[in-house]
1. In this structure, is Gly181 farther than 30 Å from Thr243 by Cβ and surrounded by fewer than 14 Cβ atoms within 10 Å (Cβ to Cβ)?
2. Taking the stated definitions as given, is Asp84 in a loop (DSSP other than H, G, I, E, B) and open to solvent by 70 Å² or more (accessible area, probe 1.4 Å)?
3. Among the listed residues Arg152, Arg163, Arg143, identify the single one that is touching a residue at least 24 places away in the same chain (Cβ under 8 Å), open to solvent by 20 Å² or more (accessible area, probe 1.4 Å) and among the charged types (D, E, K, R).
4. Would you confirm whether or not the range 464-486 contains a residue that is touching an Asp or Glu at 6+ places or on another chain (Cβ under 7 Å), small (Gly, Ala, Ser), surrounded by 15 or more Cβ atoms within 10 Å (Cβ to Cβ) and at pLDDT below 90?
5. Please count how many residues of the range 510-528 are open to solvent by 30 Å² or more (accessible area, probe 1.4 Å), part of a loop (DSSP other than H, G, I, E, B) and either among the hydrophobic types (A, V, I, L, M, F, W, C) or modelled with pLDDT of 90 or more (or both).
6. Quick one: is Arg195 over 30 Å from Ala78 (Cβ atoms), of a type in the set (Lys, Arg), within 25 Å of the chain's Cα centre (by Cα) and open to solvent by 40 Å² or more (accessible area, probe 1.4 Å)?
7. If we only count helices (runs of 4 or more DSSP H) wholly inside the range 159-260, which ones have 2 or more residues that are among the basic types (Lys, Arg)?
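The values are calculated or read from the model by the stated rules, or taken from the named source; none is laboratory data. A quick note: this is a predicted structure, and the numbers were derived from the prediction, not measured. FYI the Cβ positions are ideal-geometry reconstructions off the backbone, even for glycines, and counts take in every protein chain you see. The area values use the complete protein model at the heavy-atom level, side chains included, leaving out ligands, DNA and RNA. Shrake-Rupley method; radii C 1.70, N 1.55, O 1.52, S 1.80 Å.
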Amino acid sequence: MGSRPLAHRLCAMASRRTDDPKALDLYAAALEIASAQGDPRQLSEIVSAVREHWAGIKGDRRTLRDAKRRVLKQLGAALRKVSDRIDTTPLYWELFRLGIQEPSYSIRLVVAQEFGTGGNAAFAVIRERVGLHSDPVQEYNDRLDRLKAWKRREYEAWSARMRRARADRTSPRGTSADDIGRLQEDRRELNRNYRDRRVDLFREFVMRAWMLPMLLGSVDEAHRDEARERLTKWLRHLDPKFTGGTPDLPLALEAALAQGFKYAANRRLRHPHTHLSGRNDLIRQAETVLQHSRCWYAQLSLLQALCLWELPDGAGGGPDGHQPFQPLGGATAVRTVKRWLAMAGTGNRAPGQPDQPGDSARRCLHPFVAEAGDLVALALETGQPERFLWIDEKGVADNIGARAGHIGSYRRQSLWIPPSVGWSTLDPRAQRLVADVLVMLNLLERDGHPDEVEERLARMEQPGMSLPPCIRTDREPLQPGLRIGTSTPPAPGSACLPDCKFQLCPYPPRGGLPRGEIREPFCRQQQALLPGNVRRWLPRGLRRKTPRWVGMRVRELDCFWEAMARRTRD
């Protein structure tokens, strides 16, 4: 039996099992076989089948997530393998569209990372779909204006139908109550349609912000100037000289762009899809974004990205091609991090914040950024970034992982922090920071509506506001035990303390988180990091009871993580 018929049979069998996650494993096998053919045009049929059945495949959430990751990674590997034999640009476009329509944050991230390593073939999608002279923020605003105009037209037409229906109710053969009910359902469908299109637009630009830094690092010399120019068009919307004093890049897209830099920085020199000159461009661009950044999450991500680029990479440096890893000295690491922290956010003040000459950069830092700076210094000093850094908060919290390697040992991976690394590898300080960053992100993103997320992000960056009381002093308003029921979920701010200006509480009910729930093992680990009943009574100077940004009793923090652990149970 030839391998081509086998790939065809696997694809046909998968198409008949549209309600089973195992279908995705069959598609992955078909992709691997088809990519090994001398004429791999059958890939197009398989990719089309995957897209057609993607949304309809059901199953256990974790099983389905893992199966989707496997088929996406196999698809990315297949496209890279055949890119010199066929035109893979249409297939990368299908991959991009699949990512936009995928509701899971972690799966969209896998799509972006596979796309970002596609090099010239993946960049061709951007070149074809986005004009060279197109401004990304202007494009985003124009498309958003057209979408809102469409909603207004549709709503005006619906209002006219409703007025006629209500006027006809007085006649004997006029509109019935059922007709009025159908019109009400039409309005709800209009709102759902608008929301879906609004979210898809936002996801598209978030994915573009993730991908561009990775593509700049993976395209060859022929396309690097254009890739750099396209990335620069994003960055200039953070420059007050270009925008006339107020940056106009949405905060959510600023954070996504910073994430893209971190994903690109995770590739070592030995990575098969990275180029040294593109890497140098990215370092300069990342420092520019750090200087003009306004969002604490962007600053945290950029610090970690710059740390990974700063690590000395001895790939292929020894006589046998294997050189032990050499960390930086402690004094050098501290000076390097101080320089980064000194530039963080100095190019732009937070919204509404007046200039305050004489204020030190350290005093203006967000508590999470300050803690991340300490961890970055430790990563540079020890040469073990996997102990103090992470690539994605949700990914590292979901994965238990393996132990870190010995200092100075040869690092064989092409990534500084491979996907196998989980929270057990992290230092306890990093585990605590990941946990509260993830809680904060879930509070901000909630149901994922872009306009509301942007409003909450802007509220976080107001002058004199760093962390809400529900993170610092009292976590009872978070009410983590809430579940989605038949009634409308409580609105953000409905459970906040009277003096809270953030208006984020309660914590989103179970089932309503774009990034997904924090799993029980990680929550239990947060409890294990707290001192026991005996150690809690020791003098504070002998040990820290809680993270430095938390000013509550150990018992209160323990109760919060107990409730967070219980909410993931059925």
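1. Yes.
2. For Asp84, the condition - in a loop (DSSP other than H, G, I, E, B) and open to solvent by 70 Å² or more (accessible area, probe 1.4 Å) - is met.
3. Going through Arg152, Arg163, Arg143 in turn, just one is touching a residue at least 24 places away in the same chain (Cβ under 8 Å), open to solvent by 20 Å² or more (accessible area, probe 1.4 Å) and among the charged types (D, E, K, R): Arg143.
4. no
5. Of the residues in the range 510-528, 1 are open to solvent by 30 Å² or more (accessible area, probe 1.4 Å), part of a loop (DSSP other than H, G, I, E, B) and either among the hydrophobic types (A, V, I, L, M, F, W, C) or modelled with pLDDT of 90 or more (or both).
6. So Arg195 fits the description; yes.
7. 177-218, 221-235
Results for (1) under 13 Å from Glu204 (Cβ atoms); (2) within 26 Å of the chain's Cα centre (by Cα); (3) modelled with pLDDT of 90 or more, shown as yes or no for each residue.
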| site | (1), (2), (3) |
| --- | --- |
| Val82 | no, no, yes |
| Arg85 | no, no, no |
| Val110 | no, yes, yes |
| Gln113 | no, yes, yes |
| Gly116 | no, yes, yes |
| Asp135 | no, yes, yes |
| Arg143 | yes, yes, yes |
| Met162 | no, no, no |
| Ala167 | no, no, no |
